[in-house]
Structures are given as structure tokens and as C-alpha cells.
1. What is the fewest-to-most order of 236, 230 by other Cβ atoms lying within 10 Å of their Cβ?
2. So if we plug the beta-carbon distance of residue 262 and residue 197 into 1/(1 + (r/R0)^6) with R0 = 22 Å, what FRET efficiency do we get, rounded to 0.05?
3. Within the range 177-260, which trypsin sites (Lys or Arg not before Pro) sit in a loop by DSSP and count at most 16 neighbouring Cβ atoms inside 10 Å?
4. In whole Å, how far is the Cα centre of the range 53-110 from that of the range 166-205?
5. Going by how many other Cβ atoms sit within 10 Å of their own, how do 129, 167, 180 line up, fewest first?
6. Under a point-charge model restricted to the Cβ atoms of Lys and Arg (+1) and Asp and Glu (-1), what is the dipole moment magnitude of the range 148-188 relative to its Cα centre, in debye to the nearest 20?
7. For the range 98-241, take N as its residue count and report Rg(C-alpha) divided by 2.2 N^0.38 Å.
8. Is the C-alpha gyration tensor of the range 139-178 telling us rounded, prolate or oblate? Criteria: a/c under 1.5 is rounded; beyond that, a/b larger than b/c is prolate, otherwise oblate.
Amino acid sequence: MMSLHTITKPSTFHFLPKKPSRKPLKTLAPIHSLLQYNRKPQLSGETPRVVVITSGKGGVGKTTTTANIGLSLARLGFSAVAIDADVGLRNLDLLLGLENRVNYTVVEVLNGDCRLDQALVRDKRWSNFELLCISKPRSKLPLGFGGKALIWLVEALKNREEGAPDFILIDCPAGIDAGFITAITPANEAVLVTTPDITSLRDADRVTGLLECDGIRDIKMIVNRVRTDMIRGEDMMSVLDVQEMLGLPLLGVIPEDSEVIRSTNRGYPLVLNKPPALAGLAFEQAAWRLVEQDSMKAVMVEEEPKKRGFFSFFGG
Ligand code: ADP
Ligand code: MG
């Protein structure tokens, strides 16, 4: 693995998905027909799959990823519970547009003030998706709330009358302190979100080591906010560079897309957009790979031909 300190200048690689066959985006067909597969993905691994979405650095897209992958899983026919473990800066409820429906949180469940199913907020758009918040906004992590409490919570979700969900997604807080340790404790696998910049990569590298120390070996990464125009101009690291540095399997590549910000503000995750936004399709594909425990390949493709002439690309 290349050291993070050896990065000097980004190279001119960018990515292509491993299975690139799907209809052009211009068609007005429903989103499922735009996916690269016309079958239901095969759920791999033991359920419930407990997946922590983490990054180290804040603001790289963990919550956006949790919301969009969570709803994609529901759309693909799997049941999912998303736990907002970012206690101090809870905002998954906002991204999902569910903030007015959170009456109870895990803190009340643990205090015996309500039942677990009262704290679970069922999405009206996709009823097999539920949200669970640890505590009220701006509140501190309750005293004594740690990894054990989260393990208890996951066990309680497994033993629900209606059956265990297929996926439990945990939206992790930034940093590597108590909140991070708590959030990763019950997880068996991790999705590491990074952006192609040096600060995010250094944090991602550190977090990878901590996840491995905690026994989480199944770590896949999502490279978010990728701009191919900047990669071509050698102003941004390519996905291949990122993969070489972190040495992790690639779950998805999400382009920089203003629709993400628009959908965040509307509380309407972009995977639900019709027609689908580019980033929405990328999240949907990442969800597909998560289900099948598959990964994609970052490949080297040719440099953009320079304006000097057709043959200049070949070194002329
Ligand atoms: P985190 O949970 O890691 O702190 P968020 O998911 O809250 O990060 O995202 C931080 C900000 O970045 C949000 O305003 C979000 O809309 C924006 N963002 C995330 N991913 C993208 C993207 N692919 N394109 C454009 N904006 C994005
Ligand atoms: Mg967040």
C-alpha cells in the first residue's frame, strides 16, 4: 500500500464500473429499469447485516450515504433500520425528512419510558425502512451509553416480533473518540466514506486501522464528491489513486452533484428522485453491491486527447 505521505501529484486516471451495461440516462423509464441489472440482488451473508458508515473526517458524506443506501435497500426489497449514532450532531432525520416524527429515542427506551417500536420511525414512502435516533438533538451522549448499549439495541432489533431486519446501518459520528468507538462496537462490516482529498484520506487510513483492531475485517469504501473534470485537469486525485492508497475494495463512486445538496435541504433522499440524479444512481448501485458483497473496479482509462491533434494522445 502506498503511504499517504508519498502523494505528490494526482495522476490522470478515472473510474469505470466493473459491469457497465445499462440504458442511457436520457430515457424516462422508472429507476429500476435504469439499473445495470434487471433482477433482484441476492442477499449475501448472515442477517441482520450490521454495517457502520464511517469516515474519520466530518462532512464527507456519511449521513448522505446512510440515508441513500438505506432507502435504496428498502427499494430493492430489503428491510433496513438506520441508527443515527451521531449523537451531538444528529441530522439523519433531517435528510430523510422524518424530523417531525421522532417522538422517542433510544435514551427513552433504555430509561423504560417507551417501547423500542415506539422509537422506530417507519418511513411512509418505503415501509421496510425505519429510523432510530439515539437521543434528542443537541443532547450529550448519555452517561454510561457505550458499545454495550448499542449491542443490546442490535440484539433487541434482532428479536423483534416482526423479525430481524436484513440490514442495520449505523451512521457514525466524525472523529475517533467515544462516539466513534460506541458506533462501531456492534458492527460486523464497515462502509468507509472518503473524498478524494488528502485530509479525508489520512483520516480514512487511520479509521481503517481502528476498525481492523476492533475485529471488523469487511471494510469497503465509497469515494464521494468525485469530479472527473478536475481529475482530468490533474486537480483531483483519481479513484484509482485513492484505492491504491487505502487498499480497500470499492463499493461505489459518487460524483459531486448539486442534486445532493438540494435533496438534503428538501429532506428527500436523491435515490427517490424521478428522473434519477446521477449521484442517486451511483448510490443505488453501491447498495446493490452491498447486498451482494460485491465490489467494483477502478480502472485506468485513457487521458483526454489534447487539443493539439488526434495523434498527440499517443505521445506525439
Ligand atoms: P457527514 O455525515 O460525513 O458529516 P454529510 O452527509 O452530512 O456528511 O454531507 C456533508 C455535506 O456535503 C452536505 O451538505 C451534503 O449535501 C454534501 N454532499 C455530500 N455528498 C455530496 C455529493 N456527492 N455532491 C454534492 N454534495 C454532497
Ligand atoms: Mg453526519
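Derivation of every value follows stated rules applied to the coordinates shown; laboratory data play no part. Note that the coordinates shown come from a computational prediction; the quantities given were computed from them, not determined experimentally. Counting neighbours? That spans all protein chains shown, and the Cβs are built from the backbone with ideal geometry, glycine included.
1. Values: 236 22, 230 16.
Sorted ascending by nearby Cβ count, the order is 230, 236.
2. Numbers: r = 23 Å, r/R0 = 1.04.
With R0 = 22 Å, the Cβ-Cβ based efficiency is 0.45.
3. Working: sites: 202, 206, 217, 220, 225, 227, 232; in loops: 217, 227.
Sites meeting the loop and neighbour criteria: 217, 227.
4. 13
5. Working: 129 28, 167 25, 180 22.
Ranked by crowding around the Cβ, least crowded first: 180, 167, 129.
6. Working: 3 positive and 6 negative charges, 27 e Å.
For the range 148-188, the charge dipole is close to 140 debye.
7. On the way: Rg = 17.9 Å, N = 144, 2.2 N^0.38 = 14.5 Å.
After normalising by residue count via 2.2 N^0.38 Å, the value is 1.23.
8. Details: a/c = 3.00, a/b = 1.80, b/c = 1.66.
It is prolate, given that a/c is not under 1.5 and a/b is the larger ratio.
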